[in-house]
Amino acid sequence: MTLLLTSPHTKSAEVKAAQARLVKAGFLARGDADGEFGPVTATAAKAAKWSLGFAASNCKLTYGSVLDAYLSGKAQPNLAMQARAKLRRRLAAQESVGAKAADRMVTWAQAGWKENPMGSNKVPQLQLLSRDLRLAAYLCNMGQAWCAQSVMTAALAEGSKTAKYGLVQGRFNALYCPTLRDISSTGSYGTRAVSKNSIVKGTCIEFDWPPADGTMDHIGIALGKPGENVTAAGQVWKVPKNSICTVEGNADDRVKISVHDLSVVGWAFNIS
């Protein structure tokens with residue numbers, strides 16, 4: 001029997017058994033095992049399929065015998081499923097470190113991090129954090145455009161390998177937006193280029209200001225998907241369709257949350 005969302009929701013012994021499997025596998029909270037196949041259980045089933053490496057077209061809000069066999073251990077994922085599952089775990093890790101960096105930068109915006117004196121390209125709190133992270137003197141001293149430095153420093157503080165390669169090991173110029181596009185276009189240093197349609201919270205957003213010439217001028221981190229309203233720094237940011245909400249350093253000499261039209265997004269990539 002395949003369980004699926006119905007109105008009213010299905011309540012049966014099969015649902016209880018499915019929920020028990022999902023709880024044991026870590027996809028459903030024990031408190032949500034209520035014997036009812038509602039949206040929470042259906043979403044847990046979909047997440048289980050995604051994690052196991054089911055093809056995207058088969059990751060539906062249903063629970064059937066195939067999923068049950070994998071969760072019970074009666075069947076093992078094939079090589080194609082294993083490869084998809086591995087890739088998805090890697091991409092999830094990339095998004096999570098970016099999302100943590102985004103949250104960190106939101107706290108900076110909320111705390112009022114800005115240049116002092118204004119126009120100096122020096123942010124005392126970012127200088128102090130750079131020293132705490134034992135970065136090179138030129139990074140601690142600042143004085144240059146710092147949008148990329150703020151993104152990469154926030155990422156480094158959250159354990160980013162990409163930021164470590166750039167800021168600590170100096171394998172690429174982590175302060176230069178065109179370089180960040182170059183390395184991510186080849187998937188180097190734990191980066192992965194994504195389309196505008198694949199932007200999620202934590203994706204690094206590079207801007208090509210008008211008149212667009214293909215040169216990346218500025219960088220921030222997405223706080224949500226395109227067209228997705230965002231709650232950050234104690235308020236709700238209304239994000240129109242074909243727009244994106246980001247947090248950025250060196251925006252009007254401060255760390256700032258903004259909403260931009262997607263037309264000014266020149267490049268997007270995830271970090272690890």
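Taking a ≥ b ≥ c as the square roots of the eigenvalues of the Cα gyration tensor of the stretch 91-270, is the shape rounded (a/c under 1.5), prolate (a/b larger than b/c) or oblate? Write down the numbers at each step before the final one.
Details: a/c = 1.43, a/b = 1.18, b/c = 1.21.
Verdict is rounded for the stretch 91-270.
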>> Given points 7 Å out from each Cα along the Cα-Cβ axis, report the Thr6 to Leu79 separation in nanometres with one decimal.
In response: 4.1 nm
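Which value in deg cm²/dmol, rounded to the nearest 500, describes the helix-derived mean residue ellipticity at 222 nm for the chain, given -39,500 (n - 2.57) per DSSP H run of n ≥ 4 and division by the residue count?
Theoretical 222 nm ellipticity from helices: -11500 deg cm²/dmol.
How would the stretch 105-209 be classified by its alpha-carbon gyration tensor: rounded, prolate or oblate, with rounded meaning a/c under 1.5 and the a/b versus b/c comparison settling the rest? Mind showing how you got there, number by number?
On the way: a/c = 1.75, a/b = 1.41, b/c = 1.24.
In terms of gyration-tensor shape, prolate.
Any idea what diffusion coefficient the stretch 3-77 gets from Stokes-Einstein, in µm²/s, Kirkwood Rh on alpha carbon pairs, 20 °C, 1.002 mPa s? Walk me through the numbers on the way to the answer.
Working: Rh = 12.1 Å.
Answer, rounded: 178 µm²/s.
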> Within the set Lys164/Lys196; Lys24/Lys60; Lys24/Lys100; Lys161/Lys241; Lys86/Lys161; Lys74/Lys161, which residue pairs have Cα atoms separated by over 30 Å?
Replying inline: Lys161/Lys241; Lys74/Lys161
>> At a 10 Å Cβ-Cβ cut-off, how would you order Tyr189, Tyr138, Tyr63, fewest neighbours first?
In response: Tyr138, Tyr189, Tyr63
> Once label points are set 7 Å from the Cα along Cα→Cβ at both Asp34 and Gln125, what is their separation, rounded to one decimal in nm?
Replying inline: 4.0 nm
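All of the numbers you see were taken from the coordinates with simple rules; none came from a lab. Everything quoted here is computed from the prediction, not taken from an experiment. Here the Cβ is made from the backbone with ideal geometry for all residues, glycine too, and neighbour counts use every protein chain on show.
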